[in-house]
Each structure stands twice: as C-alpha cells, then as structure tokens.
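K.L.:
Got a structure here, written out as structure tokens. Questions coming.
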Amino acid sequence: MIHIKNLKFGYNRKSLVLDGIDLSLGAGAITGLLGKNGVGKTTLLKLIAGALRPDGGEVSVLGHSPEKRSVDFLSQIYLLPEEMPEMHLTIDKYMSIHAPFYPRFSEDEFRGFLAELEITDTSVSMSKLSMGNRKKVFIAFALATNARLILMDEPTNGLDIHSKSVLRKLLRTKADEDRLIIISTHQVRDLQNILDAVVILDNTKVLLNADTYAITQRLFFGIADGSENPDDVLYSAPSVAGTQIVRVNGKGEESDVDVELLFNAAFNAKQKITELFNK
C-alpha cells in the first residue's frame with residue numbers, strides 16, 4: 001500500500017527533516033507512528049497524503065505518486081490534521097459539500113459515529129463547537145469516508161476519557177484487510193491496545209518498523225525478577241508493581257507490548273533495536 005524509498009524532505013535547503021527514509025506498510029493494520037517532537041511525523045503524513053512534495057526519493061501510495069494528487073488517489077485517502085479548522089458551516093453542510101469526494105462515504109455511519117461521540121445537533125455551525133467536539137466531527141467523517149488509507153495526526157488530543165474509549169472502539173470497527181490506518185501520536189497509552197504495528201522515527205530515519213507479533217517475538221515486557229542478564233535489558237523503569245523492563249526475548253516467552261516502554265527502549269538501546277529488527 002505504501003512504499004517509500006530514500007525519501008528526502010526539508011522546509012529549507014540547509015536542513016532536512018527526513019533524509020533517506022525507507023518504509024513499506026501494507027493494508028490490514030492500525031499502525032502507530034511515534035517519535036520525539038520535531039522528528040517529522042506530521043511531515044511524513046503530509047508527504048504520504050500528497051500535501052507536500054518530496055525533495056528526493058520515491059513515494060508510492062496505493063499505486064499512485066501522491067504529489068500528483070490525482071482524483072482517484074485523493075478519493076481513497078483521508079488526512080485528519082491535529083488542529084481542527086474553524087469552519088463557518090453546519091455539520092450537515094460540511095457533509096453535503098465534502099462527502100461526494102469519497103465514493104464509499106456512508107451518511108448512516110457518519111451520523112451513527114457522531115451519536116456515539118455524543119454529537120447530536122448536526123445543524124449547529126462548527127465554528128461554535130469546542131476544539132474537542134470539532135475534532136469528534138472530523139473523526140466521524142474520516143471513518144465514514146471508508147477510505148482505504150486513513151491518516152490521523154494526534155487524534156486523541158482534546159478528547160475526554162469517554163471519547164477516547166469510543167474512538168478506540170470505532171477504529172477497531174474500521175480495521176479490515178483492505179484498509180490501513182496510521183496514527184501519529186504522543187499519547188501512546190490512549191491507543192496502545194489497538195495498535196497492530198509500530199513505526200518509530202528518529203533523527204530523519206526509521207528506527208523501528210514492526211508489527212506487534214514480531215515485537216513480542218524479539219522483546220519481552222514485564223517485571224524484573226533478578227534473573228535477567230543485564231546485557232539483555234534494553235530499558236528499565238520503576239513502578240508500583242516493581243521494576244518494569246524491556247529485554248531481549250531469548251526464550252520465546254509471551255508478553256504484551258507496552259508501547260511506552262518500547263519507545264523508551266528504542267531510544268535507550270538504538271543499536272540493539274536495529275540489530276534485532278533488521279536481521
């Protein structure tokens with residue numbers, strides 16, 4: 001679905017935000033895109049969506065060159081930005097204007113998603129909604145497009161606890177073999193239980209790109225019991241239950257991915273992570 005080779009991009013000639021990115025992502029997954037502030041997550045999403053032109057390299061998405069912004073390509077993707085624009089349109093009017101661009105858009109789903117997110121009055125101007133409620137409208141619209149590629153930039157920012165729970169449920173209902181959902185986020189605790197794969201960006205490069213099965217095959221997440229080989233421990237942190245660790249999974253033990261611990265382990269032991277996931 002997405003094939004990127006040697007991608008380069010910078011907002012000026014002196015400094016590249018992304019330099020030599022290689023990345024392949026297939027359909028059938030909800031993928032978390034992680035990285036420190038300023039590492040280029042939003043930039044990468046915009047390049048995938050065709051909102052920015054690369055300075056070098058190759059980007060193929062759904063068999064298209066995104067920068068050409070063909071109608072067929074744009075009708076199959078939806079980019080949800082972090083900041084929601086203040087539109088002086090009612091929710092109904094926004095839908096009537098934008099839905100025709102998406103051949104698989106479902107009005108019934110849109111209204112159903114809005115109801116689950118507790119948006120009941122679709123005749124209200126979106127300029128009068130709070131940032132959180134405005135974000136709910138765009139989330140509902142994004143999912144109702146039934147686009148094959150949905151890109152979300154910090155979708156949980158501005159949402160209350162209940163709305164985050166609803167979002168997780170809605171995302172799961174939209175995960176299928178023909179669709180890829182990429183979520184750029186710093187709020188990993190909000191979404192970690194629904195992620196099928198993780199991509200971590202670091203210093204213009206891809207540090208990690210793996211599905212959760214591969215991650216748990218190579219790494220173990222748990223509480224230290226004192227029997228660990230120190231050379232195998234990639235990261236540790238104190239907790240109420242004891243010392244949480246990420247270590248090399250040399251015995252095929254089962255554990256659940258803790259995305260926050262994974263993120264910290266990736267930056268604490270970059271060389272080891274590279275060795276483990278680039279064999």
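The values are calculated or read from the model by the stated rules, or taken from the named source; none is laboratory data. The structure displayed is predicted, hence computed values, not measured ones. So basically every Cβ, Gly included, is an ideal-geometry build from the backbone, and we count neighbours across all protein chains shown.
K.L.:
Please find, among Val39, Val71, Val61, the residue that is among the β-branched types (Val, Ile, Thr) and over 25 Å from Ala210 (Cα atoms).
P.N.:
Step by step, each of Val39, Val71, Val61 is checked, and only Val71 is among the β-branched types (Val, Ile, Thr) and over 25 Å from Ala210 (Cα atoms).
K.L.:
Next question. Looking only at residues that are surrounded by 14 or more Cβ atoms within 10 Å (Cβ to Cβ), polar (S, T, N, Q) and modelled with pLDDT under 95 in region 123-149, which one is nearest to Leu62 (Cα to Cα)?
P.N.:
Asn133
K.L.:
So in region 162-182, with the set limited to residues that are in contact with a helix residue (DSSP H, G or I) (Cβ under 9 Å, 6 or more places away or on another chain) and among the aliphatic types (A, V, I, L, M), which one is nearest to Phe110 (Cα to Cα)?
P.N.:
My answer is Leu170.
K.L.:
While we're on this one: Sort through Thr274, Thr243, Thr204, Thr212 and tell me the only one that's hydroxyl-bearing (Ser, Thr, Tyr) and touching a Ser or Thr at 6+ places or on another chain (Cβ under 8 Å).
P.N.:
It is Thr243.
K.L.:
Here's another thing I want to ask about it. Considering only residues of region 16-52 that are in contact with a Leu (Cβ under 8 Å, 6 or more places away or on another chain) and free of Cβ contacts under 8 Å to residues at least 60 places away in the same chain, which is surrounded by the most Cβ atoms within 10 Å (Cβ to Cβ)?
P.N.:
Leu47
K.L.:
Considering region 201-244 alone, what residues qualify as being in contact with a helix residue (DSSP H, G or I) (Cβ under 8 Å, 6 or more places away or on another chain) and surrounded by 18 or more Cβ atoms within 10 Å (Cβ to Cβ)?
P.N.:
Matches in region 201-244: Leu201, Leu207, Leu208, Asn209, Ala210, Ile215, Leu219, Phe221, Leu234, Tyr235, Gln244.
K.L.:
While we're on this one: Any residue that is over 24 Å from the mean Cα position of the chain (by Cα), over 26 Å from Thr185 (Cα atoms) and at pLDDT below 95 - is there at least one of those in region 104-120?
P.N.:
yes
K.L.:
Also, I was wondering about something else. I'm trying to understand the selection: among the residues of region 104-130, which are out of contact with any Phe, Trp or Tyr (no Cβ under 9 Å at 6 or more places or on another chain) and in contact (Cβ under 8 Å) with a residue 40 or more places away in the chain?
P.N.:
If the condition is that a residue be out of contact with any Phe, Trp or Tyr (no Cβ under 9 Å at 6 or more places or on another chain) and in contact (Cβ under 8 Å) with a residue 40 or more places away in the chain, then Arg104, Ser106, Glu116, Leu117, Glu118, Ser127 are the ones that fit.
K.L.:
Yes or no: region 60-69 includes at least one residue that is surrounded by 18 or more Cβ atoms within 10 Å (Cβ to Cβ), at negative phi, under 17 Å from the mean Cα position of the chain (by Cα) and not hydroxyl-bearing (Ser, Thr, Tyr).
P.N.:
For region 60-69, residues surrounded by 18 or more Cβ atoms within 10 Å (Cβ to Cβ), at negative phi, under 17 Å from the mean Cα position of the chain (by Cα) and not hydroxyl-bearing (Ser, Thr, Tyr): present.
K.L.:
Next question. Taking the condition within 24 Å of the chain's Cα centre (by Cα) and either outside the structural domain of Ala99 (by TED's automatic domain parsing) or small (Gly, Ala, Ser) (or both), does Ala210 pass?
P.N.:
yes
K.L.:
Could you check region 215-279 for strands (runs of 3 or more DSSP E) lying wholly inside it with 1 or more residues that are among the polar types (S, T, N, Q) and touching a strand residue (DSSP E or B) at 6+ places or on another chain (Cβ under 7 Å)? Before you say what the answer is, go through the steps one by one.
P.N.:
Numbers: elements: 219-223, 233-239, 242-248.
Of the strands (runs of 3 or more DSSP E) lying wholly inside region 215-279, those with at least 1 residues that are among the polar types (S, T, N, Q) and touching a strand residue (DSSP E or B) at 6+ places or on another chain (Cβ under 7 Å) span 233-239, 242-248.
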